[in-house]
Amino acid sequence: MTVNSNSGIVDPVKLANEQPPANGKSEDGFRLFLRWMEPGLGVKRWIGLMVLGTALIGLGLAYFLLDIYRTSGYSPWLDVVTLRALPRWLRALLLGTSGISLLLLSVFRLNRALLAPFLRPGRHVVEAVAEHRRLERGPKIVAIGGGTGLSTLLRGLKVHTSNLTAIVTVADDGGSSGRIRRTLGLPPPGDVRNCLAALSDDEDLLTQLFQYRFTQEGDLEGHTFGNLFIAALAGVKGSFDRGILEAGRVLAIRGRVLPATLVNVALAADKSPVVDARAVRIEGESLIPEMPGRIRQVYLEPNDPPAFPETLHAILNADMIVIGPGSLYTSVIPNLLVPEITAAIRASRAFKVYVCNVATQPGETDGYDCLEHQAALDLHVGRGLVEMMVINNRLQNGLPQGSFPVREPGEGGAIAGPLYATDLIDEKRAWRHDSAKLARALMDLLEERTGPLEIAALDHREQISGLN
């Protein structure tokens, strides 16, 4: 079944550069004030409790003043404080209104003072609280992959939910990550760094610093600051996973980033230089795309590393699991070669989606259409892992040399499961997904999905242990 839809196209929000008219400032202020009364902010209940507490304090003070009045008789200052010259109903109205106004003013000013370090310029407190609550109630989404594709996906999803978990491969052995891996014995931090930057609440100066790559000749040449920072935090905190956690706190990310495994794994591939030729074993993730030919199969060494426990917990409790986009053989499939991760995905009741790349990758998926992407997944992890494939159906020129659009199956092609096709192209970089379009399409699919997921009623622990 093929579903074509343009409803997933979402125009990016334009920044408001125009100054509001002078007579609109008071209306905007009143509108923002009323937003505190919107349901779901978790504010009204506490304001009501504070009003009740203040009223009780006022009632106690009233009894105290009444006792003084009865014992001391007439007192001019007491008459002024209690507004005795006014009718009772008017005194109650004036004192009550003044008290509530002062209470609300103090609460709002206190909140503004406490939240000031976390607010961006021009952003009101109520808007920050409303957005935080909205994202907090978002679905639990687990994204599995690596490289630029996963970062693009996370950048789009973070505006819909903060309950995000990115699971990244740790098989990278090239560039800065490979050097850190060989020198310090840590898992490669490169994909982790990219995901942390993508999930950052404000991708401004700090995130740019995190992604900064040293170009000067010397020992630091080729290293990124973020990789060194994560490695340093791992040393300070005593473990790689705790270093990632602390880096996420520094960047104030929406969600979390977890490694597929903490075992020092390597990626190997069987690749045929020419059609029907004998496959050659290539060891090293960075070397696989460089050798010409067709990839037959990839492997992890060791082939049964234990999954990081928090990764399994996130998968089993997810509402949606998104596999890809990213380099098929060197970013996506290596995560799925961890047996416990694949078992957890099958056991999870989440809605499972595979996002196919928009363009082929030289050295990995030359000439592939979406059917061959799915066939590669089925070869490595078995059929039925995902419920739906999401692909781009807009062909566009401007791809890098050696890359071609990943096309839909032809008339004779048969795909095992539903296929959702829509425009996912980045207008400026036709070989990549547009983060907003992709996130919107996935959220629409999740919202439209109805009915319980039909899965085997086996305990997930039994399924996981069965693959060991």
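Nothing in this text is a laboratory measurement; each read-out follows from the coordinates by a stated rule. Every value quoted in this text rests on a predicted model; they were computed, and no experiment measured them. Cβ atoms come from the backbone with ideal geometry, glycine included; neighbour counts cover every protein chain shown.
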*Residues listed by number, segment 363-377, amide nitrogen under 16 Å from residue 277 label point at 7 Å toward C-beta*: 363-364, 366
*How much net charge surrounds residue 330 when only other residues with a Cβ under 9 Å from its Cβ are counted (Lys, Arg +1; Asp, Glu -1)?*
-3
*Name the long-range amide H neighbours of residue 252: under 5 Å, sequence gap of 5 or more, or other chain; modelled H, no Pro or chain starts.*
none
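Only counting other Cβ atoms within 10 Å, I'd like 373, 160, 313 sorted with the fewest neighbours first.
Details: 373 23, 160 19, 313 14.
Ascending Cβ contact count within 10 Å gives the list 313, 160, 373.
Place the peptides 441-449, 286-294 in order of packing, highest mean first, counting for every residue the other Cβ atoms within 10 Å and averaging per peptide. Show your work: numbers first, answer last.
Values: 441-449: 18.0, 286-294: 16.0.
In descending order of packing, they fall as 441-449, 286-294.
How much net charge surrounds residue 301 when only the other residues with a Cβ under 12 Å from the Cβ of residue 301 are counted, with Lys and Arg +1 and Asp and Glu -1? Before the final figure, lay out each step's value.
Values: positive: 281; negative: 173, 283, 285, 304.
Summing Lys and Arg as +1 and Asp and Glu as -1 gives -3.
For segment 215-276, which GluC sites (Glu not before Pro) pass both filters: DSSP loop (anything but H, G, I, E, B) and at most 14 other C-beta atoms within 10 Å?
Within segment 215-276, the qualifying GluC sites (Glu not before Pro) (loop, at most 14 other Cβ atoms within 10 Å) are 217, 221.
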*For segment 137-197 and segment 209-277, compute the distance between their C-alpha centroids and round to whole Å.*
8 Å
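Rounded to the nearest 0.05, what FRET efficiency do residue 55 and residue 372 give with R0 = 60 Å and r taken as the Cβ-Cβ distance? Could you check?
Numbers: r = 70 Å, r/R0 = 1.17.
The formula returns an efficiency of 0.30 here.
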*Stick to Cα atoms and the Kirkwood definition of Rh, then tell me Rg/Rh for segment 318-432.*
0.96
*Cβ-defined net charge surrounding residue 153, 14 Å radius [Lys, Arg +1; Asp, Glu -1]*: +3
*Quote the relative contact order of segment 265-358 in percent (integer), defining contacts as alpha-carbon pairs under 8 Å separated by 6+ residues.*
28 percent
